[in-house]
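The structure appears right after this line, and notes come after that.
Derivation of every value follows stated rules applied to the coordinates shown; laboratory data play no part. On a predicted model such as this, the values are computed, not experimentally measured, just so you know. Every residue, glycine among them, receives a Cβ derived from its backbone with ideal geometry; neighbour counts consider all protein chains shown.
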Amino acid sequence: MLITYDTCEASIPAIDQKRLSEWINRVVVNNSFEIGEINYYFCSDNYLLEMNREHLNHDYFTDIITFDYTVADIVSGDLFISVDTVLDNAKEYGCEYLQELHRVMIHGVLHLMGIDDKTDEDQEIMTQKEDESLALLSDID
């Protein structure tokens, strides 16, 4: 299992990396996959906006961009998260910053496991999987 945490024009949030890595591994294993290499990059809004433009031809802010390198059942990828957008979303949704950050972090991993969110039906499944995954986090000390 190799999960790394790095930054691009931002600071690493105050997270318990060991606990979160254990949680992410548990979510992956519970979904019948294995952890490969997952790299989290915490970025500024502007950094992620440029990535969105360059790689996806999207001209808007987003909370996460996921690059999927999963092969068979080995989950791997690079996940770029805008700490600015996560903070804005936490305020908008009326939740704690870390709660929203955890949701976004696992959202990216769920994408790596093939869960999509393009349609309303897919979004419902994604939200359910996010909620199930977040419930597992409270079990890890």
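Database remark: amide H of I35 closer than 5 angstrom to the amide H of V75 (H placed geometrically; neighbours at sequence offset of 5 or more, or on other chains; Pro and chain starts carry no H).
Note on E37 and K118: with the Förster distance fixed at 41 Å, the Cβ-Cβ geometry gives a FRET efficiency of about 0.95.
Report the paramagnetic label zone for E54: residues of region 7-46 whose backbone N is under 20 Å from a point 7 Å from Cα along the Cα-to-Cβ axis. Once the point is set 7 Å along Cα→Cβ of E54, 7-12, 39-46 turn out to lie under 20 Å by backbone N, inside region 7-46. Computed about its Cα centre, the charge dipole of region 17-68 is approximately 300 debye, with only Lys, Arg, Asp and Glu carrying charge at their Cβ. Among beta bridges from DSSP that stay inside the chain, the antiparallel ones total about 30%.
Ordering F42, S21, F61 by Cα displacement along the dipole of the chain toward the positive end leaves S21 in first place; charges were set at the Cβ atoms of Lys, Arg (+1) and Asp, Glu (-1).
Which part of region 110-131 falls in the paramagnetic zone of D139, meaning amide N under 16 Å from the point 7 Å along Cα-to-beta-carbon? In region 110-131, the label zone of D139 (backbone N under 16 Å from the point 7 Å along Cα→Cβ) covers 129-131.
Net charge dipole, region 2-137: roughly 440 debye, given to the nearest 20, about the Cα centre with Cβ charges of +1 for Lys and Arg and -1 for Asp and Glu. For the chain, C95 have no disulfide-compatible partner, since no other Cys C-beta lies under 4.7 Å from theirs.
When Rg and the Kirkwood radius Rh are both evaluated on Cα atoms of region 2-137, their ratio Rg/Rh stands at 0.93. Based on Cα contacts under 8 Å between residues 6+ apart, the chain shows a relative contact order of 23 percent.
Distance between the modelled labels on N30 and Y69, one decimal in nanometres: 2.6 nm (7 Å Cα→Cβ projection).
When only alpha carbons are used to place a centre, region 23-75 and region 82-141 end up 12 Å from one another.
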